[in-house]
1. Can you pull out the residues in segment 64-75 that are touching a Leu at 6+ places or on another chain (Cβ under 7 Å) and within 18 Å of His95 (Cα to Cα)?
2. Enumerate the pairs (first residue in segment 72-84 and outside the structural domain of Ile43 (by TED's automatic domain parsing); second residue anywhere and modelled with pLDDT of 75 or more and in a helix (DSSP H, G or I)) with beta-carbon separation below 9 Å, excluding pairs fewer than 6 apart on the same chain, so at least 6 apart or on different chains.
3. For segment 73-102, what are the residues that are surrounded by 14 or more Cβ atoms within 10 Å (Cβ to Cβ) and assigned to a helix (DSSP H, G or I)?
4. If the Cβ limit is 8 Å and pairs must be 6+ apart or interchain, which residue in segment 97-125 that is not assigned by TED's automatic domain parsing to the domain that holds Phe41 and among the polar types (S, T, N, Q) pairs with which residue that is surrounded by 14 or more Cβ atoms within 10 Å (Cβ to Cβ) and part of a helix (DSSP H, G or I)?
5. Here are some residues: Ala58, Ala70. Which one is among the small types (Gly, Ala, Ser), in a strand (DSSP E or B), surrounded by 15 or more Cβ atoms within 10 Å (Cβ to Cβ) and at negative phi?
6. Please enumerate the residues belonging to segment 103-123 that are surrounded by 11 or more Cβ atoms within 10 Å (Cβ to Cβ) and among the acidic types (Asp, Glu).
7. Within segment 109-117, identify whether any single residue is under 19 Å from the mean Cα position of the chain (by Cα) and in a loop (DSSP other than H, G, I, E, B), and answer yes or no.
Amino acid sequence: MAESSKVAGDSGPKPSTIRKPMKGPVFRIIPLVASTEWLKFLIYGEYGIGKTTLAGSAIDVPSMADVLLANAEAGTLSLLDKPAIDTVPVSSFKHISALESYLAVHHRLWEVEDMDRLRELEAELKGGDIK
């Protein structure tokens, strides 16, 4: 006769150890051929290896010249000679979330070619008129 592996009074896994099924993935993987024409990337690495300089070099390529840099390290000194680059200081997940929401709205307005609303949105965030 086989011995039971249960301990007296043990009713099985504790509720806190039972994994609940995920409602859906947190992100989706999209094949490159199915993506839009926009280039979005994240550069990470050790301090001083040239991450900001690399990101700033996009301004030198005409098809990539519309650059918005999410500045999480306050390390933009290497870009002072590239005044066309816009930066957004981020110091919390709240800032990153707000930036992501802004970019989603910006993208939708761009797709429907609502240039007036795009200018209004940009002026609101830059604190002045955008022509």
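1. Let us first name the residues in segment 64-75 that are touching a Leu at 6+ places or on another chain (Cβ under 7 Å), namely 64, 70.
Ala70, the sole residue that qualifies.
2. Every condition considered, no pair remains.
3. Let us first name the residues in segment 73-102 that are surrounded by 14 or more Cβ atoms within 10 Å (Cβ to Cβ), namely 76, 78-79, 82, 85, 87-88, 90, 95-96, 99, 102.
Ser78, Leu79, His95, Ile96, Leu99, Tyr102, listed by residue number.
4. Close Cβ pairs (under 8 Å, with a partner that is surrounded by 14 or more Cβ atoms within 10 Å (Cβ to Cβ) and part of a helix (DSSP H, G or I)) do not exist here.
5. Numbers: Ala58 fails: in a strand (DSSP E or B).
Criteria check complete, one pass: Ala70.
6. Residues of segment 103-123 that are surrounded by 11 or more Cβ atoms within 10 Å (Cβ to Cβ), as a first pass: 103, 105-110, 114, 117-123.
Hits for segment 103-123 are Asp114, Glu120, Glu122.
7. Taking every residue of segment 109-117 in turn, none turns out to be under 19 Å from the mean Cα position of the chain (by Cα) and in a loop (DSSP other than H, G, I, E, B).
The values are calculated or read from the model by the stated rules, or taken from the named source; none is laboratory data. Just so you know, these numbers come straight off a predicted model, no measurement behind them. Neighbour counts are summed over all protein chains in view; Cβ atoms, including those assigned to glycine, are modelled from backbone coordinates with ideal geometry.
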